[in-house]
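Notes follow once the structure below has been shown.
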Amino acid sequence: MLLAVILAAFGAFLFLRLKSDLISAVDRSLESRAAQISLGYQGSDENFQDVSDASLGKLAPGETAAQRLSPTGTVLDATGDPAAADHPLIGVQAIATALRGHRVVLSVTLGSDGEAFRVLALRLPRSGGSSVLVVASSLKNVDASVRRLVVLFALGIPVALLLAALGGWLIARKALRPVARMTAEAQEIRGDRLEDRIAIPSTADELQRLARTLNDMVGRLQDGVQSQRRFVANASHDLRTPLTVMGSEIDVGLESSRLGEKAARALLASNREEVERMARMVDNLLTLASIDDGQLELLRSPTELQAIAHKVVEELRALAAATGVRISVSGDAVSVVGDRERLKQVLTNLVENAVKYAGAGAQVRVSTWQQDGEAGLTVSDTGPGIPPEAVPHLFDRFFRVDAERSSARQGSGLGLAICNDIIVAHGGRIWVDSSEGDGSSFSVALPTG
């Protein structure tokens, strides 16, 4: 359709341009012949006939005409086309315009067949200014040329459109063949075949970039599915462990014929620990689910970080004492706008990890600070540090530096991932600085504005 519109517009332009150029050529011819007649006219009827015939003689009979008209429109002399002998070629108003010294150029129709003529009228200077010379030339040839052009376009444009459509279809079919192949290959990629990839065309064009983009997308989907599978497997394993412990202890209690009060209380206390462990795991999973769904609710309010630090340290001081770790708080009072309970959850996780892994005799310090439009806190310890290769993965879900050691200390591998998601939801950032054998520092920064 666009090509048809373009061809139609181009054809209309050529039509109008050709007709205009041909009429202009006729006008120039009329001006030349009118000038010859005007120069040769001596004021008599015989002389007008002679100079008119001499000027128009080279043209085909019936295609030209010349008249000498009075101011009232009476035909004084006429040569050429018989239709010019009895009736003036122009009206009285045009005659008056010519008598005032203006050239008059217009198109008229003559005869019963309504043949079109181009007419030029001007005042005859040698008639005392009382007569007008009118020279006319038929537009039959002009109309014939224009009609031939119209016929050519009427026949040529549909043929051109047909050829263009056929060529476009062939080219598009060839160009889109790789797209059809990629479509078929993409349809074969299912959830159990995410390792498959689309063949990349050898040509460096948009199709190659499309194939690479699709492969990158499938790769991201594969990573997401594998991450979900690891998530489910690790969560199932971590939930199964306390259930197994509880089941074993309950079986021991049921098989014992005499279970004293002290042993029963120890059994119940152990089961309570396992229940709390599962509860923490479930809470972590629910928090991650809320984060993944974009439904993590933050109850923002002005929050003083050092007050949270003192509260967390007091709650964990018994744990620190049991493991032989000294714990302290330092720094200035700094405030941010955030969810107090979520920020406390983050700090509790960081301090608890530091106490667990620092080792007996180590020190854990929580410091608050403010600089460059940010306020934050840092949890540092003098423990064994973290291997360099593990640092980039610390905030990945279910990642553990030492799986066996972490399991023994009831680590799920979710705590730091949740901390990272909560801090990011606050518009902040979290990072770690650690050297193996020289302790670790986990820092959280939040905007103060």
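Table for the structure above
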| read-out | value |
| --- | --- |
| Some residue of the range 109-132 being out of contact with any Leu (no Cβ under 9 Å at 6 or more places or on another chain), farther than 21 Å from Gln36 by Cβ and of a type in the set (Val, Ile, Thr) | yes |
| Residue that is aliphatic (A, V, I, L, M) and surrounded by 17 or more Cβ atoms within 10 Å (Cβ to Cβ), where the choices are Leu286, Leu298, Leu305, Leu319 | Leu305 |
| Which numbered condition Ser202 misses (of (1) without any contact (Cβ under 8 Å) to a residue 12 or more places away in the chain; (2) out of contact with any Pro (no Cβ under 7 Å at 6 or more places or on another chain); (3) in a helix (DSSP H, G or I)) | (3) |
| Residue match in the range 208-217 (condition: at pLDDT 80 or above, in a helix (DSSP H, G or I), over 29 Å from Leu319 (Cβ atoms) and among the basic types (Lys, Arg)) | yes |
| Criterion (small (Gly, Ala, Ser) and either modelled with pLDDT of 90 or more or surrounded by fewer than 17 Cβ atoms within 10 Å (Cβ to Cβ) (or both)) met by exactly one of Ala94, Ala78, Ala65 | Ala94 |
| Tally of residues being at pLDDT below 80, out of contact with any Ser or Thr (no Cβ under 6 Å at 6 or more places or on another chain) and closer than 27 Å to Leu414 by Cα across the range 229-278 | 18 |
| Which numbered condition Gly411 misses (of (1) in contact with a strand residue (DSSP E or B) (Cβ under 8 Å, 6 or more places away or on another chain); (2) surrounded by 19 or more Cβ atoms within 10 Å (Cβ to Cβ); (3) at pLDDT below 95; (4) not basic (Lys, Arg)) | (1) |
| Filtered residues of the range 341-372 (kept if in a loop (DSSP other than H, G, I, E, B) and at pLDDT 90 or above) | Ala362 |
| Filter result for the condition that a residue is of a type in the set (A, V, I, L, M, F, W, C), buried (at least 21 other Cβ atoms within 10 Å of the Cβ) and at pLDDT below 75, over Leu89, Leu56 | Leu56 |
| Residue satisfying condition, being loosely packed, with under 15 Cβ neighbours inside 10 Å and modelled with pLDDT of 90 or more, within set Leu152, Leu176, Leu166 | Leu166 |
| Hits in the range 290-330 - residues which are within 18 Å of Ile423 (Cβ to Cβ) and in a strand (DSSP E or B) | Arg300, Ser301, Pro302, Thr303, Glu304 |
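Conditions tested, residue by residue: (1) exposed (fewer than 13 other Cβ atoms within 10 Å of the Cβ); (2) in contact (Cβ under 8 Å) with a residue 12 or more places away in the chain; (3) in a helix (DSSP H, G or I); (4) out of contact with any Cys (no Cβ under 8 Å at 6 or more places or on another chain).
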| residue | (1), (2), (3), (4) |
| --- | --- |
| Gly224 | yes, no, yes, yes |
| Arg240 | yes, no, yes, yes |
| Val252 | yes, yes, yes, yes |
| Arg272 | yes, no, yes, yes |
| Arg277 | no, yes, yes, yes |
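The values are calculated or read from the model by the stated rules, or taken from the named source; none is laboratory data. None of these values were measured; they are calculated from a predicted model. Here the Cβ is made from the backbone with ideal geometry for all residues, glycine too, and neighbour counts use every protein chain on show.
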